[in-house]
1. Within 10 Å, count the other beta carbons around each residue, average over each peptide in 71-79, 98-106, and list them highest first.
2. The list (i) 18.6, 66; (ii) 15.1, 45; (iii) 14.4, 43 gives values of Rg and Dmax of the Cα atoms in Å, and only one came from this structure; which label was calculated from it?
3. In nm, to one decimal, how far is the residue 55 label point from the residue 106 one, both placed 7 Å along Cα→Cβ?
4. For every helix of n ≥ 4 consecutive DSSP H residues, a contribution of -39,500 (n - 2.57) applies; sum these over the chain, divide by its total residues, and give [θ] at 222 nm rounded to the nearest 500 deg cm²/dmol.
5. What order do you get for 116-123, 59-66 when each peptide is scored by the mean count of other beta carbon atoms within 10 Å, highest first?
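What follows is calculated from the coordinates using simple rules that are stated; it is not laboratory data. Worth saying up front: this structure is predicted, and the values here are computed from it rather than measured. Quick reminder, even Gly has a Cβ in these numbers, built from the backbone with ideal geometry, and neighbours come from all protein chains shown.
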């Protein structure tokens, strides 16, 4: 049985270079990449070379890494592909999913951003189905207005 895919398409009034920078620059990521139900931002840390490891780290000083993977493809300003796994499943490639980030300029100073997350198990699909829309909506708002969406503190 094929594992499910998740595809998110967004149109952003900006340049491919600015969208790309938002995916590799930790200072920009801190502004928009907030975990579901959390006010703690995350950053993706790597040297961004093909074959290199990357880590999805919390910025709250805890040192917690939520997701790990490898850089599979890296074409600046247009395409990035990452493997995606829970740290406890790093060694079991059968449990890894894959994220493809495609950035395409279209008419009128607009970018079509397509994030495809494939090879998902049910638990990861449930998690990213809430996570990607929040992160990518926040990215769109930041790039178009200069400010991210307001953060909502986690309910006690």
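1. 98-106, 71-79
2. (ii)
3. Reported label-point gap for residue 55 and residue 106 is 3.8 nm.
4. Mean residue ellipticity at 222 nm (helix-derived): -8000 deg cm²/dmol.
5. Put in order of decreasing packing, that is 116-123, 59-66.
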